[in-house]
Amino acid sequence: MKKSILLFGICTSAFLTSCASTTVAKQEIQTGKEVRGAWTLTNVDYQGLTTNEVQGNVKVTDAVSKVFDTANPECYEGSTWNLVQNNKKGTYTFNNAGGDCPSGTANIIWDLQQDGSTTYFIFKDVTGIKAKQNTAGYKMRVDYVDTNSLKLVQDINANGKIAQVIYNFVR
């Protein structure tokens, strides 16, 4: 009888331990739900380089001339991003057109990727092409997310110096 109770206790604890990974998966899915929806990029900040810092003859704004192979970071201020959870498709629309800033809407495929305790927002531009035709994409660390704000951080190489471009979104 004592052996049966001991065996039951061991099996129960093994079962409960095996259920722990289910909780982690649910937390990752919950993060995806928090990211989905409509966002407005309110401002772009820099860390690691100041806007007045000069590297040789190049100011920071020149060193970070393009992000996502499209435009300088300030062109994205005011852009609207729509992220659909169930099919991982979305768009971003430039609302700051003029000067050197482009106009229009880009179609994207996006996802969240876990690397240890860090979550990354990854996406690729698929405007006018099939997703499999574009093998390159962009990766940003999810620094903060709640129901009303999202902060993504992109590591960049600016004149041989590692710096970050910080994208602040609101709903």
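Read the figures in this text as sums done on the coordinates, not as results from a lab. This one's a predicted model, so the numbers in the text were calculated from it and none came from an experiment. In this analysis, Cβ positions are derived from the backbone assuming ideal geometry, glycine residues included, and neighbour counts consider all displayed protein chains.
Would you work out if the range 76-138 is rounded, prolate or oblate? Take a ≥ b ≥ c from the square roots of the eigenvalues of the alpha-carbon gyration tensor; rounded if a/c is under 1.5, else prolate when a/b is larger than b/c, oblate otherwise. Cα axes put the range 76-138 in the prolate bin.
Applying 0.36 nm per residue to the separation of N107 and K66 and subtracting their alpha-carbon distance, the gain on full extension is 12.9 nm. Placing R0 at 30 angstrom, the Cβ-Cβ distance between N82 and T135 gives a FRET efficiency of 0.80 after rounding to 0.05. Pairs from the table (K130/K161; K132/K161; K66/K89) lying more than 30 angstrom apart at Cα are K130/K161; K132/K161. Shape call for the range 57-171 from the C-alpha gyration tensor, a ≥ b ≥ c root eigenvalues: rounded (a/c under 1.5), prolate (a/b greater than b/c) or oblate? Rounded, since a/c falls under 1.5. Each peptide in 158-165, 127-134 was scored by the mean count of other Cβ atoms within 10 Å over its residues; highest first, the order is 158-165, 127-134.
Spacing of the modelled spin labels on T147 and V170, each 7 Å from Cα toward Cβ, amounts to 1.7 nm. Counting neighbouring beta carbons within 10 Å and listing from fewest to most, the residues K33, K151 come out as K33, K151.
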